[in-house]
Amino acid sequence: MGKLAEGPSVTPSSSVGRAIVDEVRQSPLLALIVFVPVVLVLERLMPDSHTLLFLLSVVAIIPLAALLSRATEAVAAKTGDAVGGLLNATLGNLTELVISLAALQAGQYLLVKASIAGAIVTNTLFMLGGSFLLGGLKHHIQEFNRVNARFQACMLFLATIAVLVPSLLSEADQPPAPEVSQTLSLGLSVLLIVVYALGMFFSLRTHKELFASVSHGGEEEKHWPMTLALVLLVVVTLLVALVSEIFVGSVQVAAEHLGMTPAFVGFIVVALVGAAAEMTTAFSAARADRLDLSVGIALGSAAQIALFVAPLLVVVSYFIGPEPMTLQFWRGAVTMMIVATLAATLLSNGGRGAWYAGVMALALYGIFAFTLFVLPPASPS
């Protein structure tokens with residue numbers, strides 16, 4: 001009878017608490033979650049401390065991104081490959097999407113476009129290069145599915161071409177009226193979303209045998225219960241939205257105090273912070289000789305942003321933005337996206353990875369980051 005009485009004492013809140021504690025033990029990065037209430041309280045008490053709020057919000061977003069990633073994986077694992085792929089497409093880059101939506105609503109289109117371009121370059125160069133380097137330092141040669149890598153790189157290249165077209169039109173001798181650029185961007189955005197949906201159907205349904213992993217490590221990953229994952233997904237999304245609003249509100253003043261422009265903040269800081277959770281997974285997988293998973297995360301996430309997140313922001317801007325956003329980027333951003341895509345294609349074309357390939361990718365990322373910091377774009381389009 002005593003044991004029966006103990007059963008109901010386990011409440012959903014206590015199970016959520018235990019799960020979070022276990023996650024923190026496995027991933028020390030999640031200990032940064034304590035900065036979330038700190039930044040929320042500080043924003044009420046010291047709303048004019050923009051630099052401090054900016055730095056704390058950056059730190060607070062990192063553990064929230066990690067929790068979002070874990071919750072998304074748990075939900076996707078319970079729904080099957082097809083639905084799981086759709087969930088990963090819509091939720092895998094949720095941190096970047098929420099930050100971009102907050103910036104979009106505030107009319108900071110430079111920050112939005114810089115974060116989009118930065119996320120693509122960061123995933124294709126920094127995450128992929130870091131995976132090659134960390135995995136190659138432990139394992140002499142690593143193999144991965146080059147069909148999947150080529151497929152993701154081709155989708156990414158298609159998206160960069162879609163961005164290139166309206167950007168080139170703006171450089172013409174007689175640039176088209178703003179209404180033409182908006183209409184062109186909206187049409188291209190819808191096209192990219194359709195292409196991405198068909199690409200997922202191709203890789204998850206009709207030709208999924210081509211995308212099988214070549215890794216041989218046993219995958220024994222314990223996922224959260226569906227209820228817990230959904231609860232955390234909702235709660236953490238709300239927290240990300242609150243912290244992102246503080247981040248966007250303080251970024252302009254803080255960037256000036258720190259000697260950075262919103263372009264650099266979006267291209268480097270937001271991209272690195274938003275991809276922190278995915279980077280942790282990709283780097284750990286590479287060290288465990290599962291480079292296949294690392295390459296899939298890096299290129300797959302970049303393709304999601306280019307073919308799904310960016311077009312979605314263009315569509316949403318018609319409803320929440322001061323004016324419709326276009327796919328018209330400044331020339332430097334377009335150039336960096338195309339070069340990063342070509343570099344990732346060349347590095348992943350052989351289906352084998354070594355540490356020096358990672359050095360080259362990271363060096364290229366360093367060139368872009370330093371150039372953008374020293375010579376930021378003067379007038380974004």
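The values are calculated or read from the model by the stated rules, or taken from the named source; none is laboratory data. Quick caveat, the model's predicted, so the values are computed rather than measured. Ideal geometry is used to build each Cβ from the backbone, glycine not excepted, and the neighbour counts take in all protein chains shown. Ligands, DNA and RNA are excluded from the accessible area calculation, which covers all protein heavy atoms including side chains. Shrake-Rupley method; radii C 1.70, N 1.55, O 1.52, S 1.80 Å.
Of note:
- Solvent-accessible heavy-atom area per residue, rounded to whole Å², over the stretch 229-381 at 1.4 Å: 39
- Amide hydrogen neighbours beyond the local backbone of residue 330, cut-off 5 Å, H modeled: 381
- Separation of the residue 256 and residue 234 label points, Cα + 7 Å toward Cβ, nm: 4.1
- Apolar share of the accessible surface for the stretch 297-381: 71 percent from carbon plus sulfur atoms, 1.4 Å probe.
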